[in-house]
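Values in this text are rule-based calculations from the coordinates and carry no lab data. All figures in this text were calculated on a predicted structure; none of them were measured in a lab. For neighbour counting, all protein chains shown are included, and Cβ atoms are generated from backbone atoms with ideal geometry for every residue, glycine included.
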Amino acid sequence: GNSVTQMEGPVTLSEEAFLTINCTYTATGYPSLFWYVQYPGEGLQLLLKATKADDKGSNKGFEATYRKETTSFHLEKGSVQVSDSAVYFCALQGGSEKLVFGKGMKLTVNP
Amino acid sequence: DTAVSQTPKYLVTQMGNDKSIKCEQNLGHDTMYWYKQDSKKFLKIMFSYNNKELIINETVPNRFSPKSPDKAHLNLHINSLELGDSAVYFCASRGDGRLKTDTQYFGPGTRLTVL
C-alpha cells in the first residue's frame with residue numbers, strides 16, 4: 001500500500017537557519033503530494049502541494065519539488081522564523097482518495 | 001466564515017460513555033473525512049463519505065459510527081468509550097474535482113479525553 005516516510009525530529013533551529021525536512025514515499029501510480037503544517041493548538045493547514053512529477057510547490061518561503069525518480073518531496077526553507085515553529089506533515093493522495101500521512105516532524109525555531 | 005468547523009473543541013468524558021462530535025463544512029464539497037491523531041501526532045484516516053455515502057472505512061471498531069445527514073455534515077458517534085480512544089479527531093472535506101486530487105481542508109480538531 002501507499003506510505004510516507006519523513007524525518008521525525010524533533011528539530012530545533014535558530015532563527016534564519018536553513019531548513020530541510022526529508023520526505024520519501026511509496027505509491028502505485030501517480031499520487032499527489034502535500035505538506036501540511038499544524039501550529040501549536042491548531043488544526044492542519046495545507047502548506048503546499050504538487051500534483052505531478054517535477055512540479056514545485058511553494059508558499060510562505062517554503063518549497064518542495066516532486067521527484068519521481070527518487071520518490072521524494074523534501075521541504076526546504078532558506079531562512080526560518082520563530083513563527084515557523086510547528087509540526088510538519090508530508091502526505092500523499094493516490095487513487096483511493098485518502099490522504100496518507102508521514103509521522104510528522106516538530107520544528108522549534110529559537111530567536 | 002469558517003470553512004470546516006467542529007464541535008466541541010474539547011471533550012472530556014468517562015469510560016463507557018457514548019459521545020458525538022459534529023462537523024460541518026460550508027465549502028460546497030461532496031466528500032468529507034474523519035481522521036484520528038494519536039498522542040504521538042500520527043494521523044490516520046478513519047472514514048470518508050461522498051454525498052452521504054460511505055466510501056472509506058479503515059478498519060475502525062464498530063463502536064465508531066459516522067453519520068451524514070446531508071453532504072455538508074459528517075458527525076462521528078462513539079459508543080462505549082475506551083481509554084485508547086483519547087486522541088484529537090479531525091474532520092476534513094474535499095471538492096469533487098474531475099481528477100479527484102483537490103486539496104483536503106481540515107477542521108480545527110476535537111480533543112477527546114477519556115478518563
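Any residue that is of a type in the set (S, T, N, Q), closer than 20 Å to A:Gln93 by Cβ and within 11 Å of chain A (Cβ to nearest Cβ) - is there at least one of those in the range B:20-37? Yes, there is a match, as at least one residue in the range B:20-37 is of a type in the set (S, T, N, Q), closer than 20 Å to A:Gln93 by Cβ and within 11 Å of chain A (Cβ to nearest Cβ). Filtering the range B:65-96 to residues that are of a type in the set (Lys, Arg), assigned to a strand (DSSP E or B) and surrounded by 18 or more Cβ atoms within 10 Å (Cβ to Cβ) leaves only B:Arg94. The criterion of at least 1 residues that are touching a helix residue (DSSP H, G or I) at 6+ places or on another chain (Cβ under 9 Å) is met, among strands (runs of 3 or more DSSP E) falling completely within the range A:17-111, by A:19-21, A:32-38, A:62-65, A:75-77, A:105-110. Using beta carbons and a limit of 7 Å, which pairs, at least six apart or on different chains, have the first residue in the range A:35-47 and within 9 Å of another protein chain (Cβ to nearest Cβ) and in contact (Cβ under 8 Å) with a residue 24 or more places away in the chain and the second one surrounded by fewer than 13 Cβ atoms within 10 Å (Cβ to Cβ) and among the aliphatic types (A, V, I, L, M)? Listed pairs, sorted by first residue: none to list.
All told, B:Gln37 meets the bar of being farther than 18 Å from B:His73 by Cα, within 12 Å of the chain's Cα centre (by Cα) and in contact (Cβ under 8 Å) with a residue 60 or more places away in the chain. Reported count of residues in the range B:29-64, each being surrounded by 15 or more Cβ atoms within 10 Å (Cβ to Cβ) and part of a strand (DSSP E or B), is 18.
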